[in-house]
Each structure stands twice: as C-alpha cells, then as structure tokens.
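Worksheet: one structure, shown below.
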Amino acid sequence: MKKFFAVMVIVLGAGMLADAQTVIGNEKMFHDADSVTVTFDLDTDNTDLPVRRKEVILPYIYNEKDTLYLDVVEVYGRGRYKRERQVNAVNGDRDWELGENQVMKKEGIYCYESKVPLKRWMKVANLGIRRQIVGCACESDVTDENIAQDSLFKDPQVQRRIPEYVLADVDRMWDFGRDELEIVFKVSKTEIDSSVFDNEITFGKILKAVDNIFRNPKYRFDKIQVAGYASPEGPPAFNNWLGENRAKALIDYIIKHRPQYNLTMDNFEIVNGEENWAGLRRVLVGSNMKGKDQVIAIIDDEKLNGEQKKLKIWAMEQGRVWRRMLKNIYPYLRCARYLAVYYDSTDDEAADLINQANSLIREGKYTEAIGHMDTVKEDVRSYNTMGVALMMQGKFEEAMPWFEKALENNCLSAQSNIDAINVEYAHEEQQRRDIAEYLKKYE
C-alpha cells in the first residue's frame, strides 16, 4: 500500500503543475519600421499556482532557423514571494521587492509588453511561450506552445512608376528615304551647290518624289517636311541658324524648280535646325576612326550640353581627334535633309488602324491597342504607338526599341517618351540603392 500511495502522489503532483499554468489571452505580435512588439494579458486570478511556487513564462520569436528570446515574466505564489525575500535579506538586500515583469498571483490582469529590434529573418515568425514551475523537486519545462504567427518583415521592392506618354495621331505620309536624300553644304554656307557631294543626283530624286505625289490622283497634298543640320564645330547659336537656313535653301530650290505646283513656304515644315550630333554618331559607328568609341561615349552622355561635348572631344589627343573629324566626317554633316511628303488618301488603311490604336490607348486599353496594330506594326508610323502601349503596361524594356526605331524615323514624340523612361530608370536605380542601404539595418 505504501508504494502505491507514493506513485499516486507523483502523478497528482505533475497534474497539478499542468493545471497551475496562468491563463494567457489577447496575445499580439506586430511591427513598425524598426521594431517588433509582443503583448499579451496574464490572468493571475485564473491560475491554480501553489502558494510556494512561481511560474516562469518565457516568450520568444522563432522560425525554422532563428530564435529571439524576449523578457521573462514571473508569477509568484505568496509563499514563494516570502521565501525569496528571506533569501535576498540573508544576502544583504533587505529592501528586495518584485521588479518589472514580476507579479503576484491573484492580482488581476497583468499586461505584458516587450519590444525588440525588427530583423530580416522574421519574414515568417512564430510567437512561442515556454513555461516552468519553480520551487519543487519536480520542476520541469512544460511543452512549448505556439500562440501567434505573422509575417513581420517584407523585403521592399522597387516600385515601377508609369510615366506620362506623348502620343500623336499619324498623318498619311509618303516617306522617300531620308538618308538617300541629303543635300550637303560647304563650311558655314547656306547656298546650294549642285556640283559637290553628288548633290545634283540627289536633287533629281527629290523633285521626282514631289512629282509622284502631285501626279497621283488618289492623293491630296498636305505638307513637306525638311530638316536642316550643321556639323557641331561652331557656336550653338550660329549652328542653329545655319541648320534652319540650309533647310530653307532646299525649300526654295523645290519651290523654284516646281512652279507648276504653286508651292509656298507655308507648304513646308522645318523639323529642326540644330547641330547634327545624331548624324555624327551614326557616321562614327560605321567608321574605323581611331578613338571613335570614346567620342561616342561623350556624345551619349546626357549630362553634357553641346559645348561641353565639344570641349571634351577637343581635349582628346591634344586636338588630333577633332581635326580628323573636321577633315573626314564633318563635311557630310552640313546638310539639308529631305524627309517626307504628307498627304490625304482614301486607301491608307494603316494610318486608320494606328489612329484607332491611339484612341484605345487613351481609353487605357493597351493590350487591345497592340492587337489592333498587329498587321501594321512594321509601318514606321506605328512605332511610337507600339512603344506607348507597352510603356503604359510598365514594359519599359520592350517599349524602348520601338521608341528608338520611331526616333530614327523622325518621330519627335518618341524622344519625349524615351526621356520619360530614362527618368524612371534613374528613379528605380535610386530605389535600389535606398533599399540596399535600408536592409543593412536589419541584417
């Protein structure tokens, strides 16, 4: 009988310890920018903790790889409290009292709070509780319990903004090959000389192109675009004047040699009158000139204005690179470029489809707009529209080649769209740097 009685005492003691656990409620785990806060309520009235015991409660945040232990909270039975006061008094601390996160049994609701630094590993975090009853020979840890789970840390992502787009309905256009129809001028001159640079052959092609549009009864003439350029070797103001007046010289030539069409200056549009950096770059790419890659890099540097580019190129090899270009390349950049004739027609289905796609884009129907242009996407007039439809879906990498092709075909709207995307690329790169710096705090 004695042996049986002893076994029963041990079993009942273990059961009492389990029942002695203080009830925990309203557990929460949340975070702000830099820290994680854990709170819960301890109902010290709702416990069967023996008077000579204390319950040690250890909260901790954990996942499969990491664990962070929080501040311990202790619930005292009255006998255990007196016992520890006596022990501390014997050890010289006669004023010992319960401190922070120490509470007596039967004192109502105790609100626990612990704040710790937020860490990157807390992307999936659990809140666990470990309990221990202290003050008896049968002390043992109760099985850990998970009382909350949350995603405390999320890696910030680069946010892609959608820029404003520039979209223009297309005109019906007869494009006669810009690179083939260039009239080249002598240095600092605006007078046309048909005896140099194959100008006489080019004049014949231009006049034939104009004849084609006027002699076709299906077409109604609208306007002719002409661009004038100057090589980037003189002052900007003079170069702009030079480019514009070279364009006007070509216009005067067309008017004079085709009087039967009664053309006036109002029938022409001067697209630009500027330094021919784009032409210089194009010639350099196709050349074998020594130092061309460095010159191209200077031309492509958007932070430099025209004069700064000239100074940098002039400084290369003590001016030898500049002189090589002056002799071998710049003469071909002094041009008036015949661009295109615009007209109206009843059978230009491509123009109608592109303009309908523009309307769809303005309604926000970007995917539908791309499908609408499926049969005309190789038409040069569709390039900017294709780029805009992709750009507005955040597909900058796919949009950029379309804009570049549109710009090559003298769509000025494309440059605005390219600039807008480049601004967004710079914004995204700054975000990446900011995120990398931000994450350093949480490693």
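FYI, it's all coordinate maths here, none of it is from the lab. Predicted, not measured: the structure shown is a model, and the values here were computed from it.
Side notes on the structure shown:
- Translational diffusion of segment 348-443, µm² s⁻¹ [Kirkwood Rh, Cα pairs; Stokes-Einstein; 4 °C; 1.567 mPa s]: 90
- For segment 362-375, putting each phi into the Karplus relation 6.51 cos²θ - 1.76 cosθ + 1.60 with θ = phi - 60° gives couplings of 5, 8, x, 9, 6, 5, 5, 5, 5, x, 5, 9, 3, 8 Hz, in residue order, rounded to whole numbers and with x for Gly and Pro.
- Links that overshoot a 22 Å alpha carbon limit, given the list Lys28/Lys54; Lys119/Lys154; Lys292/Lys395: Lys28/Lys54; Lys292/Lys395
- What separates the Cα centres of segment 73-133 and segment 413-438 is a distance of 52 Å.
- Rounded to whole Hz, the Karplus (6.51, -1.76, 1.60) HN-Hα couplings of segment 23-37, x for glycine and proline: 6, 10, x, 6, 6, 9, 9, 9, 9, 10, 5, 10, 9, 10, 10
- Whole-Hz Karplus values for segment 288-299 come out as 10, 5, 5, x, 5, 5, 5, 5, 4, 4, 5, 4 Hz, taken residue by residue from phi with 6.51 cos²θ - 1.76 cosθ + 1.60 and θ = phi - 60°; glycine and proline positions read x.
- Relative contact order %, segment 348-443, counting alpha carbon pairs below 8 Å whose residues are six or more apart: 18
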